[in-house]
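All remarks here apply to the structure that follows.
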Amino acid sequence: KQMEKENHSMVSEFILLGLTESHELQVFFYLFFSTIYVSIVLGNLIVIFVVKLDPQLHSPMYFLLANLSFIDMSLASFATPKMIYNLNSGYNTISYEGCMTQMFFLHLLGGSEMMMLVAMAIDRYIAICKPLHYKTIMSNRVCIGLILLSWTTGFVHTMSQMVFTITLPFCGPNVVDSFFCDLPRVIKLACTDTYILELLVIADSGLLSLFCFIVLFISYSIILIIVQHRSSRGSSKALSTLSAHITVVVLFFGPCIFIYVWPFNSVSIDKILSVFYTIFTPLLNPIIYTFRNKDMRNALRKIKTKHISSRSIF
Ligand SMILES: *[C@@H]1O[C@H](CO)[C@@H](O)[C@H](O)[C@H]1NC(C)=O
């Protein structure tokens, strides 16, 4: 027991190799990701505030959207600021605790985001397939229930892997070839046999993303078939909302499933894909949902005019 404890303390920090070793590219990535990070935070804050401020958007669909924006903002914040800081400072270590924290949040937020996308699909399914019962089925309580369910899923998903990971002894190599700590990479560094744990991680993340993806695939297929059979003006609006949802789903799940379910990846492909679900999806969500959505655009315009007219009074 004592021996194990000593071994465990041998690695107190990990080295993150980052995205590239070329200095010129690092400067470029520093500017690029700083800009993108600021846009992610601003874009998602705008979504959250517009939904809060406009009473017309106080409906389950927009509450779920605002909650998705909150998750997106967090998903972009658990590793990206550290990466930007490292790019600028040339400093590339992360403490043992920092590494464990990153993995905890990656899977908490990733799992919650997946279930939130499922909740949004369920909401659209009821709105389009059972329009007459929508108000009674999607009550405030059901909406809050779906949000709680998605956070619970994320929490169970991350804890089921982290309880084993924090007991692993790390005594040897400590180089993580990525820009944040992720479970499959870090587990491989432990100085013990981690075969079973690696299987658990792949099964856990793989099954969750496959399950959510299949539910999403089926519900959006049914919705699309139903919308196709109606030919009215309402259905073209439904189609544009749906295409936004489906784009986000594909962009988020494609990389996740590829990393966790497909076992033959090279490190460089994994790195590019992890940029996708930690940086590009959180950026795209506000763009796709806000600027392609008429109600959101109108709400934004209303808030702007209100702000300008109240300023001109004083
Ligand atoms: C999440 O949804 C609930 C309503 O179901 C809402 O009260 C809350 O403000 C939302 N969270 C965010 C960050 O918008």
Legend entry - Helix 294-313 vs. the chain, principal-axis angle (Cα, 0 to 90°, nearest 10): 80 degrees
Legend entry - Listed residues Met115, Ala238, Pro184: farthest to the positive end of the dipole of the chain (Cβ charges): Ala238
Legend entry - Estimated distance in nm for a label pair at Leu53 and Asn140, the labels positioned 7 Å out from Cα along Cα-to-Cβ: 2.3 nm
Legend entry - Integer Hz, Karplus 6.51/-1.76/1.60 couplings in order for segment 86-91, x for Gly and Pro: 5, 4, 7, 8, x, 7
Inset, instruction - State the answer as a single residue: which of Gln161, Thr136, Val250 lies farthest towards the positive end of the charge dipole of segment 7-307, with beta carbon charges of +1 for Lys and Arg and -1 for Asp and Glu, about the Cα centre. - result: Thr136
Legend entry - 5 angstrom amide H check on Phe14, placed H, neighbours 5+ away: Ile94, Ser95, Tyr96
Inset, instruction - Could you state how much accessible area Lys302 has, in square angstrom rounded to the nearest 10, with a 1.4 Å probe and all protein chains kept in place? - result: 90 Å²
Legend entry - Sorted largest first, extent of segment 33-152 alpha carbons per principal axis (Å): 59, 27, 19
Inset, instruction - Give the dimensionless ratio obtained when the Cα radius of gyration of the chain is divided by 2.2 N^0.38 Å. - result: 1.11
Legend entry - Accessible area expressed per residue, segment 31-144, with surrounding protein chains retained (probe 1.4 Å, Å²): 44 Å²
Inset, instruction - Note down the nm distance, to one decimal, between modelled labels 7 Å out along Cα→Cβ at Val175 and at Leu210. - result: 3.4 nm
Legend entry - Spin-label model distance (nm) - Asn88 vs Thr35, 7 Å beyond Cα toward Cβ: 1.6 nm
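Tally up the carbon and sulfur contribution to the accessible surface of the chain as a whole percent, 1.4 Å probe, everything protein left in place.
69 percent
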Inset, instruction - Excluding residues on the same chain fewer than 8 positions from Lys304, give the aspartates and glutamates whose Cα lies under 17 Å from its Cα. - result: Asp54, Asp295
Legend entry - segment 145-235, accessible area per residue, ligands and nucleic acids excluded (1.4 Å, Å²): 52 Å²
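Under the 0.36 nm per residue contour assumption, what length would be gained going from the current alpha-carbon distance of Leu25 and Phe155 to full extension?
That works out to 43.2 nm of additional length.
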Inset, instruction - Would you compute, from DSSP H runs of 4+ residues alone, the mean residue ellipticity of the chain at 222 nm, taking -39500 (n - 2.57) per run and dividing by the full residue count, rounded to the nearest 500? - result: -25500 deg cm²/dmol
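Taking the Cα centre of the chain as origin, sum charge times position over the Cβ atoms of Lys and Arg (+1) and Asp and Glu (-1), and report the length of that vector in debye to the nearest 20. List each step's numbers first, then the result.
Details: 22 positive and 17 negative charges, 420 e Å.
That gives a dipole near 2020 debye.
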Inset, instruction - Please give the net charge around Met138, taking every other residue with its beta carbon less than 14 angstrom from that of Met138, where Lys and Arg add +1 and Asp and Glu add -1. - result: +3
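Which three semi-axes in whole Å describe the equivalent ellipsoid of segment 16-77, each the square root of 5 times a Cα gyration tensor eigenvalue, listed largest first?
34, 11, 6
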Legend entry - Accessible surface ranking that places the most exposed of His229, His157, His133 first, with a 1.4 angstrom probe: His229, His133, His157
Legend entry - Rh (Kirkwood; distinct C-alpha pairs) - segment 82-173, Å: 16.0 Å
Inset, instruction - Step through the residues of segment 113-129 one at a time and calculate ³J(HN,Hα) from phi using the Karplus curve (6.51 cos²θ - 1.76 cosθ + 1.60, θ = phi - 60°), rounding each to whole Hz and writing x for Gly and Pro. - result: 4, 4, 5, 5, 5, 5, 4, 5, 5, 4, 4, 5, 4, 5, 4, 8, 8
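The values are calculated or read from the model by the stated rules, or taken from the named source; none is laboratory data. These numbers were taken from a predicted model, which means no experiment stands behind them. In this analysis, Cβ positions are derived from the backbone assuming ideal geometry, glycine residues included, and neighbour counts consider all displayed protein chains. SASA here: full protein model, heavy atoms, side chains in, ligands and nucleic acids out. Shrake-Rupley method; radii C 1.70, N 1.55, O 1.52, S 1.80 Å.
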